[in-house]
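*Asks:* Please find one structure pasted underneath; my questions will follow.
The values are calculated or read from the model by the stated rules, or taken from the named source; none is laboratory data. These numbers were taken from a predicted model, which means no experiment stands behind them. Note that we place each Cβ from the backbone using ideal geometry, even for glycine, and neighbour counts take in every protein chain shown. Accessible surface is based on the protein model in full, side chains and every heavy atom, while ligands, DNA and RNA are left aside. Shrake-Rupley method; radii C 1.70, N 1.55, O 1.52, S 1.80 Å.
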Amino acid sequence: MTINEQPSAAPEPISEPVPAPEQAAPEPARPVALITGVGRSIGIGAGIARRLAASGWDIAFTYWTPYDRRMEWGAEDGAAASIAKELEDAGARTAAIEADLTDPDAPTRLFDEAEQRLGPVTALVLSHAESVDSGILDTTVEAFDRHFAVNTRASWLLIREYGLRFRGEPSAGTGRIVALTSDHTVGNLPYGASKGALDRITLAAAHELAHLGVTANVINPGPVDTGWMNDELREALARGTPLGRLGTPRDTAHLVDFLCSPQGQWVNGQLLKSNGGAAS
């Protein structure tokens, strides 16, 4: 080696690439159901909300305390907060929204708030009702109009708002509309008539919203005691059912849960009686 030559530098060690830490797969987003008429903890709407929350849905729900105050059972203090807590304990995010469905602008505001708080609505469940007994001779025009405003017009406007906003992939067929109805008309004219009109609107949606991948069905839950029956009526209705009992909110909720599931996709445009075979 000559005086000007320098020893070559030792090669730097080659470092092995450090693998990135494994990351857990993100949790799949829960779909959102908007359920109307969830004002009482023993009601059908609350039963449906509990069942869907347990099945992995986030829940926006409506209630209207002034209606309960008008009825013989009265308002249930703190019901909305209590129901929301139950749903949250089941893993659901919730949005409890008080809404007067006689107001034709209420459906738009409901969807606005539900979307802002929880995200796009995948399932719409119509469980609300105006129901004050009266017959052909004693129904007032005011009562008739109020029943149709709540049970029929509001339901149409909610279905319309849902159809305008639904953004699910049509080929996936994930959209769901489920409405609760009744065939009780004798001595309950405005309720039964307005529910009959609701049936037609919902069944039309099965065809008119088919291009969106939305199914629409109606459930008649039959006699369900949610606090409005007296002992005599309760016993008479139970005797008219093969199993000798009345329906429960849980019975209705199981059917709604199935219809809203992927397994319920092929049931569409139907009026389903979930009444235990109760005699008419």
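*Asks:* Quick one: would you say residue 107 is over 30 Å from residue 229 (Cα atoms), open to solvent by 40 Å² or more (accessible area, probe 1.4 Å) and touching a residue at least 40 places away in the same chain (Cβ under 8 Å)?
*Replies:* Here the answer is no, as residue 107 does not meet what is asked.
*Asks:* Identify all residues within the stretch 173-188 that are at negative phi and at pLDDT 95 or above; write none if there are none.
*Replies:* Across the stretch 173-188, the qualifying residues are 174, 175, 176, 177, 178, 179, 180, 181.
*Asks:* For the stretch 87-96, check the following and say yes or no: at least one residue is surrounded by 13 or more Cβ atoms within 10 Å (Cβ to Cβ), touching a Leu at 6+ places or on another chain (Cβ under 7 Å) and under 27 Å from residue 149 (Cα atoms).
*Replies:* Checked the stretch 87-96: at least one residue is surrounded by 13 or more Cβ atoms within 10 Å (Cβ to Cβ), touching a Leu at 6+ places or on another chain (Cβ under 7 Å) and under 27 Å from residue 149 (Cα atoms).
*Asks:* Could you pull out the residue among 248, 185, 215, 202 that is of a type outside the set (D, E, K, R), open to solvent by 20 Å² or more (accessible area, probe 1.4 Å) and within 18 Å of the chain's Cα centre (by Cα)?
*Replies:* Sole residue among the options that is of a type outside the set (D, E, K, R), open to solvent by 20 Å² or more (accessible area, probe 1.4 Å) and within 18 Å of the chain's Cα centre (by Cα): 248.
*Asks:* So in the stretch 251-271, with the set limited to residues that are out of contact with any helix residue (DSSP H, G or I) (no Cβ under 7 Å at 6 or more places or on another chain) and open to solvent by less than 60 Å² (accessible area, probe 1.4 Å), which one is farthest from residue 183 (Cα to Cα)?
*Replies:* 261
*Asks:* Further, regarding this structure: May I ask you to list pairs of residues, at least six apart or on different chains, whose Cβ atoms are under 6 Å apart, with the first in the stretch 145-171 being under 22 Å from residue 132 (Cα atoms) and open to solvent by less than 20 Å² (accessible area, probe 1.4 Å) and the second being among the basic types (Lys, Arg) and assigned to a helix (DSSP H, G or I)?
*Replies:* So the pair list comes out as 151/195.
*Asks:* Checking the condition open to solvent by 50 Å² or more (accessible area, probe 1.4 Å), modelled with pLDDT of 95 or more and part of a helix (DSSP H, G or I), which residue from 50, 69 passes?
*Replies:* 50
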